[in-house]
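The values are calculated or read from the model by the stated rules, or taken from the named source; none is laboratory data. Quantities reported herein were computed from a predicted structural model and do not represent experimental measurements. Cβ coordinates were reconstructed from backbone atoms using ideal geometry, including for glycine residues, and neighbour counts include every protein chain displayed. Please note that ligands, DNA and RNA were not included when accessible areas were found on the heavy atoms of the full protein model with its side chains. Shrake-Rupley method; radii C 1.70, N 1.55, O 1.52, S 1.80 Å.
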Amino acid sequence: MEKWSSNIGFLFAAIGSAVGLGNIWRFPISVYENGGGAYLIPYLLITFLFGLPVMIVSISGGELTESDVVTTFKEIGTGQLGWVIVAAGAAILSFYLVVTGWILAFMAYFAFDLSFTFQRLTDGYIPVGLFLLSAVIVGGIVLFGIERGIERVSSILVPVLFVVLVGLLIYVSMQPGFMRGVRYFLNPDFSVLSDTELWIAAFGQAFFSLSLGAGTYITYGSYLEGKSSISKMSIIITVANIVSAIIVGLAIFPLVFKYLGNPSNLPSGQELAFTTLPHVFAEMPFGNLFGFVFFGLLLIAALSSGISILEVSVASGMGRGLSRKKSALIFGSLVTAIGLPSALSYSGANLTLGGKRIMDIVNQDIGNLLLPLSALIIGIGLTWVIDEKVTDFSFAYLVTKYLFPVILISTIIAKYI
Ligand code: PHE
């Protein structure tokens with residue numbers, strides 16, 4: 001059985017998983033589309049009240065069973081249910097790799113001073129090729145295993161990520177007009193708080209951002225050695241995740257505000273980073289350098305999260321007797337196949353379903369509800385079905401067992417009534 005070389009190694013890998021496209025690409029958009037600063041209230045509440053407890057229970061569950069997600073669910077007597085979790089992760093990873101491809105394209109854009117727009121890029125088939133390349137990179141890292149692959153890569157990338165983020169924030173904060181952007185980012189519109197749509201979005205975003213519901217923590221927890229201080233480590237992961245998202249918001253909004261003027265006419269949705277930010281960087285002094293660094297940051301975030309999702313399925317394959325190599329090959333190919341329609345929906349093929357690009361459906365419609373629901377399955381499995389009490393931390397246990405299911409289900413019911 002593979003193990004982390006130390007708890008610190010686990011921490012870097014887990015923070016690497018949490019801090020991803022969700023923080024840098026999805027979070028600012030999510031704040032922007034959901035009424036600005038007021039959105040932070042449900043977001044923080046859900047993160048600490050529900051996200052953190054489910055994380056503690058998930059890591060503890062993995063440490064206890066010392067097995068992959070599929071085996072864990074089998075052992076607690078729920079048959080093949082673990083595959084649902086594996087599938088949820090695969091859905092996330094499938095569009096994650098598409099975005100990783102776009103990131104690679106824009107790194108080249110700034111490095112070689114190319115000139116194309118997001119629109120023109122996605123009119124052709126280069127994004128599909130870069131999607132495939134991203135799958136190969138992520139698969140390649142996972143192939144090297146826990147200690148030599150995931151842990152080593154995360155221990156290098158995560159510190160770099162935070163240093164660059166803080167540097168970016170310091171630079172932006174010294175620019176004139178910084179406070180105007182900050183006020184815009186944090187400007188609360190409290191009227192939105194009664195909107196159940198907002199709470200569902202916040203649930204989706206918080207769980208996505210914390211990497212909950214995809215089996216990552218059960219899997220990463222299974223590589224922990226003996227008794228580790230799981231609650232303490234979970235708090236560190238959660239805080240690092242929030243802090244990075246807020247730094248990104250604080251850095252991005254002032255830049256957009258300063259160089260593009262009134263942000264109320266911004267294109268929203270997933271194109272924000274890929275259409276708006278290149279304009280911002282084009283206006284800035286040393287824009288190519290900034291652009292390259294920013295998209296490099298996105299790449300680091302994307303890779304360290306992508307590997308954590310793939311590892312869930314690869315570990316499950318290994319639990320069925322496959323070698324790591326075979327399992328990585330099989331699940332890497334499967335995820336690529338699942339992601340292909342998403343990749344094609346932002347290419348010359350323009351694949352749509354009911355007038356909507358497949359990628360948007362997977363990211364927004366499925367992405368928002370899927371992870372809270374699969375986190376619910378994990379939470380119920382590890383508190384109601386399992387015979388043992390997975391964690392001594394009663395707050396986390398009780399919240400995951402009672403409060404989280406009740407609140408999540410009532411929020412969803414409220415939305416549909
Ligand atoms: N937490 C990652 C992000 O914020 C996404 C992710 C989801 C990673 C689920 C692993 C599992 O981008």
Inset, instruction - Grab the DSSP H runs of the chain that are 4 residues or longer, score each as -39,500 (n - 2.57), total them, divide by all residues and round the 222 nm result to the nearest 500 deg cm²/dmol. - result: -21500 deg cm²/dmol
Inset, instruction - Run the numbers on the chain and let me know its relative contact order in percent, using alpha-carbon pairs under 8 Å that are six or more apart. - result: 37
Inset, instruction - Skip the ligands, DNA and RNA, and give the accessible area per residue of the range 93-138 with a 1.4 Å probe, whole Å². - result: 41
Inset, instruction - Calculate the all-directions average of the projected area of the range 1-98's alpha-carbon convex hull, and give it in nm². - result: 8.1
Legend entry - Kyte-Doolittle mean at least -1.0 and Cα axial length at least 27 Å: DSSP H helices in the chain: 82-111, 152-173, 230-260, 287-319, 324-345
Inset, instruction - Take the alpha carbon atoms of the range 174-204, find their center, do the same for the range 75-95, and report the distance between the two centers in whole angstrom. - result: 33
Inset, instruction - Pairs to check: Lys3/Lys401; Lys389/Lys415; Lys74/Lys325; Lys74/Lys389; Lys232/Lys389. Give those whose C-alpha atoms are more than 22 Å from each other in this structure. - result: Lys3/Lys401; Lys389/Lys415; Lys74/Lys325
Legend entry - Inter-probe distance in nm under a simple model that places probes 7 Å from Cα toward Cβ, at Val166 and His279: 3.3
Legend entry - Whole-number accessible area per residue in Å² for the range 158-239, which is evaluated in the context of all protein chains at 1.4 Å: 42
Inset, instruction - Report, to the nearest whole %, how much of the accessible area of the range 254-388 belongs to carbon and sulfur atoms, 1.4 Å probe, protein only. - result: 65
Legend entry - the range 83-177: Cα Rg divided by the 2.2 N^0.38 Å rule of thumb: 1.36
Legend entry - Taking the C-alpha atoms of the range 190-322, convex hull volume expressed per residue in Å³: 169
Legend entry - Overall dimensions of the range 326-394 by Cα: Rg and Dmax, Å: 17.8, 54
Legend entry - Length released on extending from Glu388 to Leu329, taking residue separation times 0.36 nm less the Cα-Cα span: 17.7 nm
Inset, instruction - Please list the equivalent ellipsoid semi-axes of the range 65-131, computed as the square roots of five times the alpha-carbon gyration tensor eigenvalues, in descending order and whole angstrom. - result: 40, 12, 6
Legend entry - Coordinate range along principal axes, alpha carbons of the range 269-382, Å, largest first: 54, 35, 32
Inset, instruction - For the chain, divide the Cα radius of gyration by the Kirkwood radius and give the resulting Rg/Rh value with two decimals. - result: 0.95
Inset, instruction - Mind checking the per residue accessible area of the range 266-417 for me, 1.4 Å probe, whole number of Å²? - result: 42
Legend entry - Debye-sum result for the range 122-202 in log10 I(q)/I(0), which assumes one identical scatterer on each alpha carbon, at q = 0.14, 0.19, 0.20 Å⁻¹: -0.95, -0.91, -0.91
Inset, instruction - Calculate, in whole percent, how much of the Cα-Cα pair population of the range 92-246 lies beyond 28 Å. - result: 42
